[in-house]
Amino acid sequence: MLSPLPPKRSAVVMPTAPEQYSIHMTVSHETYEKLRRAQELIRHTNPKADPAAIFDRALTLLVAELEKTKFAATTRPHSTRETRRGSRHIPAGRGSLDIGDRAMRGVSADSD
């Protein structure tokens, strides 16, 4: 009979020097194999295949991906287009005041 796996502990992060930290964590066999594969693939640019460098690179890519999905960040933002004269287009954020709101706030339709 197999003994039950010990409960997973959260990672232990301890400062070791200014701007440096020691991280101790338990990972699955699958994650370990991914690390070993990454080390094999990176040896041509990083002969030591330092796990800290691999984690840094992986986290940099992960953060960029998450920011892109969460904040719709892009390297090529849409350019703003000028509204043609006489257009009935209402730019975002400007159309929230209807006639009743304008009257309550003392804003005339001509003040735009």
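Just so it is clear, none of the values below were taken in a lab; they were calculated from the coordinates. In this text the structure is predicted, and so the values were computed from the model without any measurement. For neighbour counting, all protein chains shown are included, and Cβ atoms are generated from backbone atoms with ideal geometry for every residue, glycine included.
Quick notes
- Modelled label positions at residue 67 and residue 32, each set 7 Å beyond Cα in the direction of Cβ, lie 3.4 nm from each other.
- Taking label positions 7 Å along the Cα-Cβ direction at both residue 10 and residue 50, the computed distance is 2.8 nm, reported to one decimal.
- Inter-label distance for residue 39 and residue 60, nm, one decimal - labels placed 7 Å from Cα along Cα-to-Cβ: 2.1
- Selected from 12, 22, 60, residue furthest toward positive end of dipole (segment 12-71; charges at beta carbon): 60
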